[in-house]
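Only one structure is covered here, and it is reproduced in the block below.
Please treat every number below as a calculation from the coordinates, not as lab data. Predicted, not measured: the structure shown is a model, and the values here were computed from it.
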Amino acid sequence: MLTSRALVRRGLQSGFWRRLSTSSGAWARHTHDVDVTDCTVPQYNNRLDTPLPDSPFVRNLNAEQKKLKEKEKGPWTQLTKEEQLALYRLTHELSYAEMQKGSKEWMTVLGGILFFFGFTGILVWWQRVYVYGDVPHTLSHEWVEKQTQRMIDMRVNPVHGFSNKWDYEKKQWK
């Protein structure tokens, strides 16, 4: 902190320190282009539980849409099917049936899950073949039997442990 103040006081601001101080100003200039949503006014949303949104889908109407809105105030029998549909699309992006229509997103999710299962399977196979060696001989059935018998013969932990479960008179497990 003290060093940077000393460098600025000496007049070395033309090099690195000028670029450092102006980079934040350049960043601030670029952030003004962000479109900020005003959350104080009702927002349009497509939801099945609220099929009638609080605000229309199109807020800023062009000249043709304004003319259609004026025509809407008259009798609807004079409107064509295309005009009625265009009026509906001004207030709603999707119809209720379109909102209920399922998407094919489940295929993408299932494909991703199966891809990662396959990748994991290949990884496990590769590790078994190339990384891990053979199974140690101490895990064989005969070795485990011999070790168990040796622990019983040595009376390992006879009160609460392994030998507690062995009946020494009958020579069998309790």
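Figures for the structure shown
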item	result
Kirkwood Rh and Cα Rg combined as Rg over Rh, evaluated for the stretch 42-102	1.00
Amide hydrogen neighbours beyond the local backbone of residue 166, cut-off 5 Å, H modeled	174
Cross-link partners of residue 170 among lysines (Cα-Cα below 26 Å; sequence separation of 8 or more within a chain)	146
Span from the the stretch 105-174 Cα centroid across to the the stretch 33-80 one, whole angstrom	66 Å
